[in-house]
1. Post the alpha-carbon centroid distance, region 10-75 to region 113-129, in whole angstrom.
2. Please compute the modelled spin-label separation between H204 and S229, points set 7 Å along Cα→Cβ, answer in nm with one decimal.
3. Find how much the distance from D182 to S282 grows on full extension, using 0.36 nm per residue of separation minus their present alpha carbon separation; answer in nm with one decimal.
4. Can you pull the percent of Cα pairs in region 145-256 with separation above 16 Å?
5. Any idea what diffusion coefficient region 207-252 gets from Stokes-Einstein, in µm²/s, Kirkwood Rh on alpha carbon pairs, 20 °C, 1.002 mPa s?
6. Considering the alpha-carbon set of the chain alone, what are its Rg and its Dmax in angstrom?
7. Using modelled amide H (1.01 Å from N, peptide plane; none on Pro or chain starts), what sits under 5 Å from the amide H of F267, excluding residues fewer than 5 places away?
8. Just add up the charged neighbours of L48: K/R +1, D/E -1, any other residue whose Cβ is under 11 Å from the Cβ of L48.
Amino acid sequence: MSNDKDHSPYRMSYRDVAMHKVMLQDVVRTDAYEKSINEVVNPLQTVLDFGCGTGVLSMFASRAGAKKVIAVDRSPFIKTASEIAEKNGFDNIEFYHDDHQSLQLEEKVDVIVSEWMGHCLFYEAMLEPLLAVRDRYLAEDGIMIPAQVSLHAGLVYDEDLLDDLSFLRDRPYDLNFSPIADTPFQQTDLVTLDPESLLPDTAHLGSLNMHTITKADKPRLFSGVIKPSEKTEIYALCAWFSSQLSQGVEFGTGPNDMPTHWDQILFPLPEPFAVDPSRELSIAISPLTEQVGKEQCWSWSITDGDKTISVNEQQLRTVEPEVPQGKL
């Protein structure tokens with residue numbers, strides 16, 4: 001098991017150059033977007049880059065021959081993105097310091113490109129703003145990049161993970177940490193797992209067609225089934241996403257894929273769960289908080305029909321009582 005988050009943007013700010021550096025260094029992500037843009041964009045098209053960050057996708061679109069590029073970001077970093085484009089000689093990119101509500105355009109666009117996906121898709125709460133922009137400004141026969149995203153999950157049976165989760169239960173330094181000892185088993189974590197940490201069987205939890213999905217029909221629960229290949233105990237679920245940017249251009253963020261800055265999200269189980277090839281497993285994962293600016297919370301469950309384990313991370317984070325000032 002690997003769990004190195006030293007360079008992760010999991011809790012960085014988009015005003016921080018370090019965040020943008022991490023994403024630009026993600027060659028899997030960035031090369032795939034450049035390839036897709038080069039294959040899709042033509043000189044007759046206007047391209048909208050929503051959540052443009054450094055403007056790298058806008059510059060790709062301009063370099064691919066787009067007639068016009070509109071770069072939009074709600075972060076003040078948009079000024080820096082404009083400076084970067086100017087330094088590189090791109091004069092057909094218009095920069096807007098706006099969000100999905102304040103953006104005002106006088107035209108429809110032919111292509112919307114957005115690197116909106118957070119960890120396990122939903123961490124950054126950008127999907128609904130993107131859909132609002134799509135519905136207002138994408139031409140009837142317009143193109144979305146990415147075209148489709150999918151969520152996947154696997155079963156973690158690595159005992160090293162169990163040892164890590166159990167650290168506070170094991171009386172470190174000969175001290176009793178029981179008030180918080182069970183918490184690691186009930187909250188998500190960003191991880192980079194070796195393929196050997198998971199059983200080979202995975203579940204497809206659902207896909208989002210970025211051309212047709214609406215806020216009303218966006219799934220609140222992602223579920224799938226796995227038939228485990230062997231009899232063992234598992235200690236967590238692990239989830240990740242894959243993305244089809246355009247026809248023939250795609251990438252994944254799972255343990256068996258080339259590493260990306262997204263890594264995977266771990267969904268621990270409060271107790272070991274015995275699995276057997278004779279019992280099909282049903283898995284469900286749900287993002288609970290989607291508002292911009294709020295910390296992402298999840299719920300998850302696994303059942304084999306006889307035994308069920310469910311965890312609601314939001315409940316764990318909202319039960320902490322107010323503590324009066326002064327000596328306790």
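1. Distance between centres, Cα-based: 14 Å.
2. 1.8
3. Fully extending the segment from D182 to S282 adds 33.6 nm.
4. 68
5. 152
6. 21.6, 70
7. Placed amide hydrogens put L237, C238, A239 under 5 Å from F267.
8. Summing Lys and Arg as +1 and Asp and Glu as -1 gives 0.
Since every read-out is calculated from the coordinates, none of them should be taken as a lab result. This is a predicted model, so every value here is computed, not measured. Heads up, the Cβs are rebuilt from the backbone with ideal geometry, glycines too, and the neighbour counts pull from every protein chain shown.
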